[in-house]
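Each value in this text was obtained by applying a stated rule to the coordinates, not by laboratory testing. Predicted model, so just to flag it, every value in this text is computed and none were measured. Note that each Cβ is placed from the backbone with ideal geometry, even for glycine, and that neighbours are counted across all protein chains shown.
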Amino acid sequence: MRRPKYLYGVLAAALLTAVMLNLMLGTVSVSFRQIGSIFMGHGDSQLLNILVNYRLPRMLLCLMVGGCLALAGAILQGLIQNPLASPDVIGLSKGAGLAAVMIILLFPGAPVGIIPWAAFIGASIMGAALMFIATRFELKPTSLALSGMALGAMAGAGIQYVTVKHMNDANTALLWLAGSLWGRSWEHVWLLLPWAIIAVPLLFYLSFRLDVLQLGDNAASGLGLSVRHIRIVLLTAAVCLTGISVAVAGTIGFIGLIAPHMARKLTGPIHKHMLPVTALLGAILVTFSDVIGRIVISPREVPVGIVTAIIGAPYFLYLLGKKK
Amino acid sequence: MTATDAVTRRVFASYLFIGLLLAATGFIWSVSLGVTDLRWNDVLQGLLGGKETKEQLVISTIRVPRALVAALAGAALAVAGALMQAMTRNAFASPQIFGINAGASFFVVLFIVFFPGISSSALVFAAFAGAFMGGLLVFILGYSNDHRTPVQLALAGIAVSMLLSAMTEGFIVLYDNQTKNVLFWLAGAVHNGTWKDVHTVIPWSLTGMMIALLLSRSLTILSLGDDIARGLGQNILFIRLAVSCTVIMLAGSAVSIVGPIGFVGLIVPHIVRHWVGVDYRFILPLTAVFGSVLLLYADIVSRFISYPFESPVGIVTTGIGAPYLLYLLLRRRGRL
């Protein structure tokens, strides 16, 4: 395909820019030189505090959340063989959202640390229900996507019921649902990191199988792939990646939808090349979006999920127009 | 008239009778139910006029418009769904799945945010524009795909709906001073329906349903396939255009008043088609009646969920509709 080396250079530069901007910009701006001197060990202690305890974990979370969501989207698109599949479309995010909103609104006294776990469990329940339906009824992938949508609609109704019932505190829940990285700390980084580390080798293990799966069920099983088995593995991987990123950041939309598209355009459809680029693009998009959300109406913040929607929507529309 | 036709007519007549009976019962039940519990003869007296009492006032200013809004919106959404299913020959076609509800609600929220004092009769036009945009996006997306299947078009619709509702939610979070009313409306609510709402929605939904009935014969032919319809002398382009406008009119006006209530347009036509077959002259009236029935009873159920809190009716229709969608998918899995 096209030249991946050149591409990686550009992506690395973009990533570095996004990372630096994410560290520098915000209510308190930190200049490039100040960052340098802080890393050399002699800098303003207040800036050091901001940088190490707020900006750095947040930036790392952006990278990981973006990467994980993008990969989950790529896996689902390969699995469902439909370019419109994504963790949000098949209802996983809705399951996580329902669990989180219930904790936030029904148990206002609960410690904040529980919310990520609840969200993860919510996404897993949704994934398990989908998997049960898929294996029990041997659904074709596209029907699986629509089943996910039906389950997601039910979770969505639950979210609406709980938020409308507890209207006065609904804003906290809405903010979480919109996807925000505000106030996240190292605790969240440690929560996400092991999963991100597991995801990388998994992705190389799966990439070839995803390619084979694109040939169709018959060809794939003819080539010795256990289609049923590999589908369950892929769906599990997507559920875990989505669950954990939604758990720490709320429902950030569109990354899982558009990052794989961009990557496919840059590297072609072979997953071995495409998956790493997808992850990088996801990370870059979320990191940039987070910066934008922080500076447009500073000192207030636009939730990162809204920024990704605003960036993602036009690209998505462009894709639609382009396809003709 | 063939024998089967006569049978269908009889089936149609009996279901129509049952439907109207259910609708009337639901209407009276809906009017009688609430914080001020009324007895049925109070209700009948209140509906028929008579003396000016407190009960009568409650009935004529709160309960009756609410029930009317539910009945009208239910019929409009269900007929819109039936029209879409006939036109696209797609079992999953409905205002909700094909992005029309989401488009309408996005525009309504947009206009509420940027023109805070906007009147509800102007919001209807915002909803029309949004419904048009949502539907158009789905069709561009769905028909640009080379090997499109019903499920793939539905997936395109879900993606577009998601996009629109993400932007809607974004506006709600950013401009949270009007959030309270909008949130409730977004969940689908008929409980604060007023006479003004009834007057806003009635011309559009009645006109829409009249046009739909006039088109019913052509719809039956169109649902057989483009080639057959063309062979039988139908002007396909014109029919499609007329049907699309009607769908936007029906769904847009309903959504602007009661919010994006889901699944009514999906399940009612399915059930009705199961009873009376493929002839849209029979399907459409029954769809309208049973759409009203569904929303009237869903509204009644919604009041019981956590009485005296008024739960949004949309969660009841989703609670019924989403499992039905799953059932449809599983039953048809061989053919998708």
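Structure summary
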item: Number of partner chain Cβ atoms within 10 Å, mean per residue of A:170-181; result: 3
item: Sequence-distant aspartates and glutamates (8 or more away, or on other chains) whose Cα lies within less than 13 Å of A:K272; result: A:D211
item: Nitroxide proxy distance, nm - points 7 Å out along Cα→Cβ at A:R300 and B:R240; result: 4.4
item: Cα-based equivalent ellipsoid, region A:110-207: semi-axes from gyration tensor eigenvalues, Å; result: 27, 24, 10
item: Long-range tail of P(r) for region A:6-323 (Cα pairs > 37 Å, %); result: 16
item: Three semi-axes of the equivalent ellipsoid, region A:252-304, Cα gyration tensor, whole Å, largest first; result: 28, 9, 7
item: Contact order relative to length of chain B, as percent, for alpha carbon pairs under 8 angstrom and 6 or more apart; result: 30
item: Label-point gap, in nm, between B:T207 and B:Y175 - each point 7 angstrom along Cα→Cβ; result: 2.7
item: In Å, descending, principal axis extents of the Cα set of region A:162-295; result: 58, 33, 26
item: Axial C-alpha extent at least 18 Å, average Kyte-Doolittle at least 0.0 - helices from chain A (DSSP); result: A:4-24, A:56-80, A:92-106, A:114-137, A:141-165, A:186-213, A:227-249, A:271-295, A:304-323
item: Surrounding net charge for B:R303, when Lys and Arg each add one and Asp and Glu each subtract one, Cβ distance under 15 Å; result: 0
item: Extended-chain gain in nm, criterion 0.36 nm per residue less alpha-carbon gap, B:H274 and B:V301; result: 7.2 nm
item: Gyration tensor verdict on region B:148-247 (Cα atoms; rounded if a/c is under 1.5, prolate if a/b is larger than b/c, oblate otherwise); result: oblate
item: About the Cα centre, charge dipole magnitude for chain A (Lys/Arg +1, Asp/Glu -1 at Cβ), debye; result: 840
item: Range of Cα positions in region B:76-215 per principal axis (Å), largest first; result: 45, 37, 22
item: Whole-angstrom gap from region A:1-71 to region B:210-262, using each part's C-alpha centre; result: 54
item: Contact order normalised by residue count of chain A, Cα under 8 Å, 6+ apart, percent; result: 32
item: Percent of Cα-Cα distances greater than 29 Å, calculated over region B:3-332; result: 36
item: Kirkwood-based shape ratio for region B:266-335, expressed as Rg/Rh from alpha carbons; result: 1.07
item: If the convex hull is drawn through the Cα atoms of the protein assembly as shown, its volume per residue in Å³; result: 167
item: Unit Cα scatterers, Debye sum, region B:1-139: log10 I(q)/I(0) for q = 0.11 Å⁻¹; result: -0.67
